[in-house]
Amino acid sequence: MDSKKQIDKVRKQDKKKILFVCLGNICRSPAAEGVMEKMLKEENLDKNFELDSAGLYAGHAGELPDRRMRIHASRRGYDLTHRSRPVKISDFDEFDLIVAMDNSNFDRLRAFAPSPEAEQKVVRMIDFVKGFPGYDYVPDPYYEGAEGFELVLDLLEEGCRNMIEDLR
């Protein structure tokens, strides 16, 4: 099943549960959660969704998102208060979509999935991003300057907007 088929399946559900995943759960995935949450509230759709984020690396468990990401997100009106947590096997039962930020995350999540059905829940965030043809993943801004965090937010805003449209 490709991501379009999974989206079609999730669209039919009353409550849609989405988990965003990156490596450490301190930059991209909590930003995606914050961006999506704000967009859903603005469209009065937040009651129809349950959002969370997690990381494949547990070394930041319990931490707030990276300070730089919180600053850049705040300038755009996003409040990132999520506490980092690692991906759990139970996430594959609890969530309808598991959205990977890059290809490494995508491959690791699919390998971690407990069943072929659970594996189909894993999709790439970049598949929802149409206006940035030079990107085939959402890059990790951790070792980048301010422009890296801004780029990630640009990609996530477009991706989340398109994901909402696809799930209507």
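The values are calculated or read from the model by the stated rules, or taken from the named source; none is laboratory data. Being a predicted model, the structure only gives us computed values, none of them experimental. Backbone-built Cβ (ideal geometry, glycine too); neighbour counts: all protein chains shown. Heads up: the accessible areas ignore ligands, DNA and RNA and are worked out on the full protein's heavy atoms, side chains in. Shrake-Rupley method; radii C 1.70, N 1.55, O 1.52, S 1.80 Å.
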Point to revise | Under 19 Å from Lys130, Cα to Cα: lysines that are on another chain or at least 8 residues apart | key: Lys4, Lys5
Review point. Per residue, what volume in Å³ does the Cα convex hull of the stretch 114-167 take up?
Key: 98 Å³
Point to revise | Given [x] 10.0; [y] 11.3; [z] 8.9, the label whose value is mean projected area of the Cα convex hull in nm² derived from this model | key: [z]
**Study point:** Two-site label geometry, Ile89 and Glu43: point separation in nm, points 7 Å out along Cα→Cβ
**Key:** 3.6 nm
Study note, to complete from the structure: In terms of the alpha carbon gyration tensor, root eigenvalues a ≥ b ≥ c, rounded if a/c is under 1.5 and otherwise prolate when a/b exceeds b/c or oblate, the stretch 52-134 is oblate
Revision key, fill the gap. Under the helix-only model (-39500 (n - 2.57) for each DSSP H run of 4 or more, divided by the residues of the chain), the mean residue ellipticity at 222 nm, to 500 deg cm²/dmol, is -13000 deg cm²/dmol
Check your understanding: In terms of Cα to Cα distance under 13 Å, which aspartates and glutamates are near enough to Lys17, apart from those fewer than 8 places away along the same chain?
Key -> Glu33, Glu37, Asp46, Glu50, Asp52, Asp91, Asp93, Glu94, Asp96
**Study point:** Per residue value of the accessible surface for the chain (all protein chains in place, 1.4 Å probe), Å²
**Key:** 48 Å²
Check your understanding: When every alpha-carbon pair in the stretch 1-92 is counted, what percent end up more than 20 Å apart?
Key -> 40 percent
